[in-house]
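Novice: Take this structure first; my questions come after.
The values are calculated or read from the model by the stated rules, or taken from the named source; none is laboratory data. Just so it is clear, the model here is predicted, and its values are computed rather than measured. Note: ideal-geometry Cβ built from the backbone for every residue, glycine included; neighbour counts use all protein chains shown. Heavy atoms of the whole protein, side chains included, go into the accessibility calculation; ligands, DNA and RNA do not. Shrake-Rupley method; radii C 1.70, N 1.55, O 1.52, S 1.80 Å.
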Amino acid sequence: SKLAALFDHPLYNIPIPEVTEKDKLFVVNPMEKFSLRSSGSDEWVSSSKAETVLPTGKTAYDTYPTWLKFHVGINRYELYPRRDPLMPTLLRDLATQRIISSVQKSGGTQLKLIMTFPNYGQALFKPMKQTRDQETPIDFFYFSDFERHNAEIAAFHLDRILDFRRIPPVSGRLVNITKEIRDITTDKKLAKTFFISPAGNVCFYGECSYYCSTEHALCGKPDRLEGSMAALLPDKTLAKRRSWRSPWRRSYHKSKKAEWELNPNYCAQVRETPPYDRGHRLLDLIDMTILDFLMGNMDRHHYETFEKFGNDTFLLHLDNGRGFGTHSRDELSILAPLRQCCSIKKSTYLRLQLLATQPYRLSDLLREALATDPLAPILAEPHLRALDRRLGKVLEAVGRCLAG
């Protein structure tokens with residue numbers, strides 16, 4: 001396995017700083033049992049009345065469902081550890097656990113559902129909108145593109161191969177629209193949008209600001225539909241997150257350009273502006289830029305961080321459905337932060353160089369990682385080949401900075 005060899009490489013075994021209590025998202029008393037409170041959110045609360053006597057040899061932590069162990073493991077430095085023993089179980093849960101509730105997620109431009117499991121775990125379901133080999137039309141603006149379920153799955157694995165580990169776990173899943181959405185939803189607005197198509201397939205379209213109409217309905221075959229299931233992060237009432245507008249946000253206007261596209265010295269301005277004027281925030285943003293360039297995602301207008309950790313923590317790479325839309329073109333403007341600031345973390349640069357070598361070729365690693373997903377193959381071959389080409393362009397950009 002090339003992946004196993006990669007994760008054994010010294011560059012993937014650089015230790016993170018020691019994690020103290022204040023570096024943990026949640027401080028949990030390992031002797032205290034947690035009871036789950038069904039309150040419409042995935043909220044869990046410490047229960048002082050819970051039985052303190054547990055089966056022999058088990059701590060309270062051992063009794064937690066996998067999603068809760070994932071939440072408890074989040075710290076200032078990583079969303080999940082490199083060698084996370086929970087990961088295979090968590091991905092399997094997302095793909096196989098019984099769905100007991102499906103409701104539409106509010107907000108956002110396109111239809112997404114929140115699905116709940118019997119152990120109170122929850123996942124964000126993005127349904128399949130187009131086939132693997134359809135490319136985004138060249139005349140489409142980035143903001144009118146479809147969100148792709150397979151892009152969410154591939155982005156999670158790519159982020160892990162780059163050793164960022166800033167995307168919550170995602171698995172593909174084949175869902176039965178009738179039994180796992182229509183028959184169990186309590187969402188009246190969603191329920192009104194189901195119909196049977198002329199071809200006899202079960203369809204629905206939900207309510208949202210784009211692509212929620214009979215013309216853009218999601219239809220099963222006859223009621224089977226592919227989608228991505230992403231583990232939800234802890235409820236915001238328990239772990240507040242802060243949303244930051246990206247300094248290299250696009251204009252989201254058909255003819256206007258953003259300031260960074262017009263001002264060659266734009267990075268100097270950013271470096272003087274908090275939170276980019278200290279710490280590693282700008283370097284973290286450049287990491288995110290490289291991830292986006294590799295998958296061709298132009299739609300990164302905001303990013304989030306956990307509020308508890310202030311400025312000294314990683315960025316969450318959420319919402320990656322607009323990646324992997326084109327393989328025949330490389331959107332160099334995505335690399336603007338790297339090219340304008342001429343800065344990159346040394347560890348990131350060394351790993352990118354490693355991923356450009358034959359034994360650890362990026363496309364081979366991602367192909368191997370994606371082969372384990374229930375919906376494999378996840379990406380068409382041209383997308384995997386494009387990764388190696390784009391990685392070369394990232395290394396070229398760094399080379400120009402070093403030469404300059």
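Novice: Just to compare against my own numbers: the Cα pair-distance distribution for the stretch 241-403, 10 Å bins, whole % per bin, please.
Specialist: That works out to 9, 36, 37, 16, 2, in percent per bin.
Novice: Next question. Run the quick spin-label model on K236 and A371: label points 7 Å from Cα toward the beta carbon, then report their separation in nm to one decimal.
Specialist: Here the answer is 4.1 nm between the modelled labels.
Novice: Continuing with the same structure: As a check on your grasp of the helix formula, calculate [θ] at 222 nm for the chain: sum -39500 (n - 2.57) over DSSP H runs of n ≥ 4, divide by the residue count, round to the nearest 500.
Specialist: Dividing the helical sum by the residues of the chain leaves -8000 deg cm²/dmol.
Novice: According to a simple spin-label model (label point 7 Å from Cα along Cα-to-Cβ), what is the distance in nm between L86 and L332?
Specialist: 4.3
Novice: Over the stretch 148-307, calculate the relative contact order: mean separation of alpha carbon pairs under 8 Å at least 6 apart, over the residue count, as a percent.
Specialist: On the way: 174 pairs, mean separation 35.9, N = 160.
Contact order relative to length: 22 percent.
Novice: For Q353 and S1, what does the FRET efficiency come to when R0 = 22 Å and r is the distance between their Cβ atoms, rounded to the nearest 0.05? Write down the numbers at each step before the final one.
Specialist: Working: r = 21 Å, r/R0 = 0.96.
Between Q353 and S1 the formula returns 0.55.
Novice: Moving on to the next point. Can you send over the carbon and sulfur percentage of the accessible area for the chain, probe radius 1.4 Å, protein chains only?
Specialist: Details: 10110 of 18820 Å².
Whole-percent figure for carbon plus sulfur exposure: 54.
Novice: I've got another one for you. Of the cross-linked pairs K126/K192; K256/K393; K254/K393; K24/K236; K24/K105, which ones have a Cα-Cα span greater than 25 Å in the structure shown?
Specialist: On the way: K126/K192 19 Å; K256/K393 27 Å; K254/K393 27 Å; K24/K236 16 Å; K24/K105 28 Å.
The answer is K256/K393; K254/K393; K24/K105.
Novice: So if I place +1 on the C-beta of Lys and Arg and -1 on the C-beta of Asp and Glu, and nothing else carries charge, what would the dipole magnitude of the stretch 241-403 be about its Cα centre? I want it in debye, nearest 20.
Specialist: Values: 26 positive and 20 negative charges, 77 e Å.
Value, rounded to 20: 360 debye.
Novice: Now for a separate question. Calculate, for the chain, the solvent-accessible area per residue in square angstrom, rolling a 1.4 angstrom probe over the heavy atoms of the protein chains.
Specialist: 47
Novice: Given that just one value was derived from the coordinates, which of (i) 0.96; (ii) 1.04; (iii) 0.99 is Rg/Rh (Cα atoms, Kirkwood Rh)?
Specialist: (i)
Novice: In percent, what relative contact order does the chain have, based on Cα pairs under 8 Å that are 6 or more apart in sequence? Don't skip to the end; give the middle numbers.
Specialist: Values: 658 pairs, mean separation 70.8, N = 404.
In percent, rounded to a whole number, it is 18.
Novice: Something else now. Given 0.36 nm per residue, what is the gain on full extension from L395 to D277 after removing their alpha carbon distance, in nm?
Specialist: Numbers: separation 118, 0.36 × 118 = 42.48 nm, distance 2.53 nm.
Stretched out fully, the L395 to D277 stretch lengthens by 39.9 nm.
Novice: About its Cα centre, how strong a charge dipole does the chain have in debye, to the nearest 20, once Lys and Arg get +1 and Asp and Glu get -1 at the Cβ?
Specialist: Rounded to the nearest 20 debye, it is 300 debye.
Novice: To the nearest 0.05, how large is the calculated FRET efficiency for Q134 and D388 if R₀ is 22 Å and r is the Cβ-Cβ distance? If you can, show how the numbers build up before the last one.
Specialist: Working: r = 22 Å, r/R0 = 0.99.
Plugging the Cβ-Cβ distance into 1/(1 + (r/R0)^6) gives 0.50.
Novice: Could you list the GluC sites (Glu not before Pro) in the stretch 190-293 that lie in coil according to DSSP, counting only those with at most 13 other Cβ atoms within 10 Å of their Cβ?
Specialist: Numbers: sites: E207, E215, E226, E259, E261, E272; in loops: E207, E272.
Counting only loop positions with at most 13 other Cβ atoms within 10 Å, the GluC sites (Glu not before Pro) in the stretch 190-293 are E272.
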